[in-house]
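The values are calculated or read from the model by the stated rules, or taken from the named source; none is laboratory data. What you are looking at is a predicted structure, and each value in this text was computed from that prediction instead of being measured. For neighbour counting, all protein chains shown are included, and Cβ atoms are generated from backbone atoms with ideal geometry for every residue, glycine included.
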Amino acid sequence: MVMANLCSNVDAQAVLSRYSLFHTTDLDEARDTVAKVFRPHELKVTRPREQLDTHMHHLPIGSVSLNRLQYGATVHIDPGCLDTFVLVMMPISGVSEVACGNDRIRSTPELPAVATPTLPLRMHTHAGCDQIMVRIDRRLVERHCTQHLGHDLDRPIEFLLGMDFTASSTECWRRLMSYLLGEAEGEGSALTSPLIKAQIEQMVVGTLLFAQPHTYSEELRRPIPTIAPYYVKRAEDHIHSHAEQPLTIVELAAHAGVSTRALFAGFQSFRGISPMAYLKAVRLQRVHEELLASSSVTATVTNVAMRWGFNHLGHFTTDYKRRFGESPSETLRRFGGNSETL
């Protein structure tokens, strides 16, 4: 059985039992407390004769959290776009009808749902539905995907809504969930270790990106050639040596000894990005390294960013957050510099 696979390390009734967050029959309390973990939402009991009896358990693991939620009645839930997190909803028992964007599924223990944060979400959860919900910070997912692709995302990640638990491709996700749920119930759980938490974050995100189809699945699975042509390597060397200078695609092509078209095609084929995107990535890394190394109270994010060619500070800050998971001022503040707000 799928339920046995998901909860193989612990009795299904005991899953996350040590991490009770609340129990209530009051609709307002249920809605407001669930919103603190997820986001504000509309909650309605759709069958007046049914009594709301909400239980929720919550285990945070860094930027990931494991949750168990059951309402005890048939409810309609409308959170709109989740915005800041991906939500994987895995029924242990019962049924939840889930709509995300234009996709709709009848979610069961054999068919969990993966909600994309940029698409509106609606759920009609039947009485008796008991779900494990994995909340994953959107920035963590995007950063992990960006690092593996080697370039910035040109559009938001959108996941296929239904996760087929009968398919062999999802076995890695089922095994990981089984391990985490079992480990959560053990004495002296490793999940409380800061070192383990960081590894769990990466494992959850990496496994989800591998197991569930999404916008970038094909590109992530595509083998990347390791031996680039000489002209790509010459351009890369020139970028690393002169990243602080106002380089152009024409100059890079001339240094590499090929046409701009050939250079662009070479980078796209062997690096998956354009030459100028490669230059921007190198410059962002140099800014990051300089902010980390800075101990001077006179150092400012603006000065460092401008020195590396980032003249539009709004775009720079957005790119920096996407790449490193925090603002440049947060990086500088942690290491004693003069961190104006960016």
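Conditions tested, residue by residue: (1) within 29 Å of Arg307 (Cα to Cα); (2) in contact with a Gly (Cβ under 9 Å, 6 or more places away or on another chain).
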| site | (1), (2) |
| --- | --- |
| Thr215 | no, no |
| Arg221 | no, no |
| Tyr231 | yes, yes |
| Ser241 | yes, no |
| Gln268 | yes, no |
| Ala277 | yes, no |
| His288 | yes, no |
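Among the candidates Arg135, Arg139, Arg122, single out the residue that is surrounded by fewer than 19 Cβ atoms within 10 Å (Cβ to Cβ), among the basic types (Lys, Arg) and at pLDDT 95 or above. On inspection, the qualifying residue turns out to be Arg122.
In region 206-294, which helices (runs of 4 or more DSSP H) lie fully inside it and hold 3 or more residues that are surrounded by 18 or more Cβ atoms within 10 Å (Cβ to Cβ) and outside the structural domain of Leu140 (by TED's automatic domain parsing)? By residue number, 230-241, 249-256, 260-270, 275-293. Of the candidates Ser169, Ser178, the single residue that is of a type in the set (Ser, Thr, Tyr) and either buried (at least 21 other Cβ atoms within 10 Å of the Cβ) or closer than 30 Å to Ile273 by Cα (or both) is Ser169. Is it the case, given these coordinates, that Glu183 is part of a helix (DSSP H, G or I), more than 18 Å from Arg222 (Cβ to Cβ), more than 18 Å from the chain's Cα centre (by Cα) and modelled with pLDDT under 95? Yes: the conditions hold for Glu183.
Taken over region 135-176, the criterion of being touching a helix residue (DSSP H, G or I) at 6+ places or on another chain (Cβ under 8 Å), under 26 Å from Phe267 (Cβ atoms), acidic (Asp, Glu) and not in a helix (DSSP H, G or I) is satisfied by Asp152 alone. For region 1-120, no strands (runs of 3 or more DSSP E) sit wholly inside it while including 3 or more residues that are assigned by TED's automatic domain parsing to the domain that holds Gly206, without any contact (Cβ under 8 Å) to a residue 24 or more places away in the chain and within 24 Å of the chain's Cα centre (by Cα).
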